[in-house]
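Engineer: Mind having a look at this structure? Questions to follow.
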Amino acid sequence: MQQSRSFKLFFSTLFFFKMSSETIINWLDEVDDEISDAENIVSDHESESEQEISEVSEDETDSSEYSSNETVEQNIRSQNFIFGKNRYKWSLQPFPQRRTRSDNIISHLPGVVGSAKIINSSNPIDFWNILFDNTMIEKITDYTNVKITELSISYGNTSTFTGHTDIIEIKAFIGLLYLCGIFKSGMEDVEGLFATDGTGRDIFRATMSLKRFLFLLSTIRFDNIYDRDDRKESGDRVAPISELFQMFLVNSQSNYSMSEYSTVDEMLVPFRGRCSFRMYMKSKPNKYGLKVMCLCDAKNHYLYNAFIYCGKSNVPNPKKFAIPTLNVLELVTPIFNSNRNITGDNWFSSIELITELKRHGLTYVGTLRKNKRDIPSQIVPNKQTEVNTTKFAFTKDITLLSFVPKKNRYVLLLSSMHHTNTINPENSKPEIIEFYNQTKVGVDALDQKCAVYSTHRRTRRWPLAIFYAMLDIASVNSRVLYSCKNINSPITRRKFGIIIGKELIIPHMKRRLLQERLPTEIPQIIKRILGDNTVEATQEISSNPNPQTHPT
């Protein structure tokens, strides 16, 4: 019995060695293919097998006396992959794209929506009224009157400029601020604007007196001062302006649909007064101010969403996201699952952000800081790297590249929108670089437009500084809405601002003609400014023989 078993084992072993070498090689190839397929499916970038493959060098493989066919094949295949410091795995070859990716198909068309779509007007003030509506003006009026009641006691009963205000006068006050920005008089002394020696501007004196303007400037408020402390204790650090700011954002979002490309960045509102969250940014022209994080349309620079940055937030963060990631997620919440692309600078960019945005149906393109541990050392250029050299690395959803625009300078970019190594043959720039350059300036362009005709004046009250910024943004946004509805009637920003300013002050001018005991020259100036509207104003006077008095 024992002998028969020995014979069977002998013949089995002999049969095994008689198998052709080709069969053994085919069997090994099948096993190797199964291992390769498993590597493509598993996305664990910290697996021990990946670390082991990356540690085997090509020289060690060539000098190994006992290397098998399977080990050789794995080493050849591992040359197509590189790893970051945290073992994040990248491919040197782009993944094949068989059809258009769903994250590049926009599901919401850009353009005007809501009230802006229904309105049929060529008057700029109608579009401004959509964003800065009467509800906001009414709240400003009510809160300002509360402050006037408190402050007017110190002036006594004999003063003629401390009476309560109304919507018409608040609009006229805002109109003067717009004209002040158009005339670039933000840094000019207010007394110079109201001067009567020929150096002032008649439209200011025709609207209201100097004392009344200064009084409104000191008493204008944007929230209820009696419950402000309670709102601060509940976590609202920007309580003096937050209600009005949120109302403006709601109006901006409900009347416009973003284009397929948008930009996230910060805007610095100039302010040098006392504020616990005042920032210093050496890269900005004004250096000191209040940082406002913005989401803008990359094409026409329409501000869609924003928040005032006031330090560390108390918002729950169970996933332990970095602050830049939290900021971007807060800004882009209104456009979740719309397949739009977000462009940002290196302060925001990270693998963490891209992964989270993809989960919410958004793509991202942005520069990347060189200290990120996900970056493989193989694509970082050195001093010997030639100009216009581009190196790519890929995952299934992300593309990483390094580009050398000039000697000893390079830039790193991440993109979840681009998945190929396309380079423009005319200028040797990658497609991702050109796309980033076209879409990165959304917020910066908005900031520049606001600065050209800014309503900002020197103030020690930071809510008033934010209010000035809101007026500037409202002017830019309303012009975008106007341009979308009146494509064949273009208008310059200066003319657009002048029309808004005059339309806001004209109702108050008409009413002022009803007042008695005005200086003799004021009615003449008003009639000259009103022009064709003088007849209408005269009819109002005749129909109101006993007009109510109003502060001058």
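Engineer: Going by the conditions given, is Ser475 open to solvent by less than 30 Å² (accessible area, probe 1.4 Å), over 20 Å from Arg205 (Cα atoms), of a type in the set (Gly, Ala, Ser) and part of a helix (DSSP H, G or I)?
Structural biologist: yes
Engineer: Please go through segment 150-160 and give me each residue that is within 20 Å of Met208 (Cβ to Cβ) and open to solvent by less than 70 Å² (accessible area, probe 1.4 Å), ordered by number.
Structural biologist: Leu151, Ser152, Ser159
Engineer: Next question. Can you tell me which residues in segment 248-264 are of a type in the set (A, V, I, L, M) and either farther than 27 Å from Leu362 by Cβ or open to solvent by 40 Å² or more (accessible area, probe 1.4 Å) (or both)?
Structural biologist: Val250
Engineer: Does segment 420-453 hold any residues that are surrounded by 22 or more Cβ atoms within 10 Å (Cβ to Cβ) and of a type in the set (Gly, Ala, Ser), and which are they?
Structural biologist: Across segment 420-453, the qualifying residue is only Gly442.
Engineer: Just for segment 475-495: of the residues that are among the charged types (D, E, K, R) and in contact with a helix residue (DSSP H, G or I) (Cβ under 8 Å, 6 or more places away or on another chain), which one is nearest to Asn251 (Cα to Cα)?
Structural biologist: Arg479
Engineer: Let me ask another. Taking the stated definitions as given, is Thr144 outside any helix (DSSP H, G or I) and either of a type in the set (S, T, N, Q) or at pLDDT below 95 (or both)?
Structural biologist: no
Engineer: Let me ask something else. Taking the stated definitions as given, is Val411 in a strand (DSSP E or B), more than 25 Å from Pro96 (Cβ to Cβ) and touching a residue at least 40 places away in the same chain (Cβ under 8 Å)?
Structural biologist: yes
Engineer: Report whether or not Asn546 is part of a loop (DSSP other than H, G, I, E, B), modelled with pLDDT of 85 or more, exposed (fewer than 14 other Cβ atoms within 10 Å of the Cβ) and among the polar types (S, T, N, Q).
Structural biologist: No, not satisfied.
Engineer: So, in segment 370-408, of the ones that are farther than 20 Å from Lys358 by Cβ, among the polar types (S, T, N, Q) and part of a strand (DSSP E or B), which residue ends up least open to solvent (accessible area, probe 1.4 Å)?
Structural biologist: Only one residue fits best here, namely Ser402.
Engineer: Between Lys358, Lys312, which is open to solvent by 30 Å² or more (accessible area, probe 1.4 Å), closer than 28 Å to Ile398 by Cβ and touching a helix residue (DSSP H, G or I) at 6+ places or on another chain (Cβ under 9 Å)?
Structural biologist: Step by step, each of Lys358, Lys312 is checked, and only Lys358 is open to solvent by 30 Å² or more (accessible area, probe 1.4 Å), closer than 28 Å to Ile398 by Cβ and touching a helix residue (DSSP H, G or I) at 6+ places or on another chain (Cβ under 9 Å).
Engineer: Find all pairs meeting these conditions: Cβ atoms under 7 angstrom apart; at least six residues apart or on different chains; first residue within segment 175-192 and under 12 Å from Arg494 (Cα atoms); second residue of a type in the set (Phe, Trp, Tyr) and part of a loop (DSSP other than H, G, I, E, B).
Structural biologist: Hits for this filter: Gly181/Tyr453; Ile182/Tyr453.
Engineer: On to the next question. Give the residue, chosen from Leu518, Leu481, Leu513, that is under 24 Å from the mean Cα position of the chain (by Cα) and either touching a residue at least 12 places away in the same chain (Cβ under 8 Å) or open to solvent by less than 30 Å² (accessible area, probe 1.4 Å) (or both).
Structural biologist: Of Leu518, Leu481, Leu513, the one residue that is under 24 Å from the mean Cα position of the chain (by Cα) and either touching a residue at least 12 places away in the same chain (Cβ under 8 Å) or open to solvent by less than 30 Å² (accessible area, probe 1.4 Å) (or both) is Leu481.
Engineer: Would you point out which residue out of Met267, Met281 is touching a strand residue (DSSP E or B) at 6+ places or on another chain (Cβ under 7 Å), more than 30 Å from Lys85 (Cα to Cα) and surrounded by 14 or more Cβ atoms within 10 Å (Cβ to Cβ)?
Structural biologist: Within the list Met267, Met281, the selection yields Met267.
Engineer: What are the residues in segment 337-355 that are open to solvent by 10 Å² or more (accessible area, probe 1.4 Å) and within 12 Å of Asp397 (Cβ to Cβ), if any?
Structural biologist: Once the filter is applied, which keeps residues that are open to solvent by 10 Å² or more (accessible area, probe 1.4 Å) and within 12 Å of Asp397 (Cβ to Cβ), segment 337-355 yields Ile351, Thr355.
Engineer: Name the one entry in Gln524, Gln515 that is in contact with a Pro (Cβ under 8 Å, 6 or more places away or on another chain) and farther than 21 Å from Gly181 by Cα.
Structural biologist: Step by step, each of Gln524, Gln515 is checked, and only Gln515 is in contact with a Pro (Cβ under 8 Å, 6 or more places away or on another chain) and farther than 21 Å from Gly181 by Cα.
Engineer: Just wondering, is there one or more residues in segment 193-202 that are assigned to a helix (DSSP H, G or I) and surrounded by fewer than 21 Cβ atoms within 10 Å (Cβ to Cβ)?
Structural biologist: Yes, segment 193-202 contains at least one residue that is assigned to a helix (DSSP H, G or I) and surrounded by fewer than 21 Cβ atoms within 10 Å (Cβ to Cβ).
Quick grid of which residues meet (1) of a type in the set (Ser, Thr, Tyr); (2) modelled with pLDDT of 95 or more:
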position	(1), (2)
Ser152	yes, no
Thr158	yes, no
Ile168	no, yes
Gly175	no, yes
Asp189	no, no
Gly200	no, no
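Engineer: Is it the case that Phe245 is at pLDDT 95 or above, open to solvent by less than 60 Å² (accessible area, probe 1.4 Å) and over 24 Å from Arg511 (Cβ atoms)?
Structural biologist: Against the criterion (at pLDDT 95 or above, open to solvent by less than 60 Å² (accessible area, probe 1.4 Å) and over 24 Å from Arg511 (Cβ atoms)), Phe245 qualifies.
Engineer: Which of the residues spanning segment 89-105 are closer than 19 Å to Asn339 by Cα and either buried (at least 16 other Cβ atoms within 10 Å of the Cβ) or modelled with pLDDT of 90 or more (or both)?
Structural biologist: Asp103 - this is the single residue of segment 89-105 that is closer than 19 Å to Asn339 by Cα and either buried (at least 16 other Cβ atoms within 10 Å of the Cβ) or modelled with pLDDT of 90 or more (or both).
Engineer: With respect to Asn224, is the statement that it is touching a residue at least 12 places away in the same chain (Cβ under 8 Å), more than 25 Å from Met136 (Cβ to Cβ) and not in a helix (DSSP H, G or I) true?
Structural biologist: So Asn224 fails the test.
Engineer: Give segment 115-141 a look and list any residue that's in a loop (DSSP other than H, G, I, E, B) and of a type in the set (A, V, I, L, M), or say none.
Structural biologist: Ile119, the sole residue that qualifies.
Engineer: Restricting attention to segment 203-237, which residues are aliphatic (A, V, I, L, M) and open to solvent by less than 20 Å² (accessible area, probe 1.4 Å)?
Structural biologist: Within segment 203-237, Ala206, Met208, Leu216, Ile220 meet the criteria.
The values are calculated or read from the model by the stated rules, or taken from the named source; none is laboratory data. Keep in mind that what you see is a predicted model, and the values were worked out from it rather than measured. Positions of Cβ are backbone-derived with ideal geometry, glycine not excepted, and every protein chain shown enters the neighbour counts. Note: accessible area is taken over every heavy atom of the protein model, side chains too, but ligands, DNA and RNA are not part of it. Shrake-Rupley method; radii C 1.70, N 1.55, O 1.52, S 1.80 Å.
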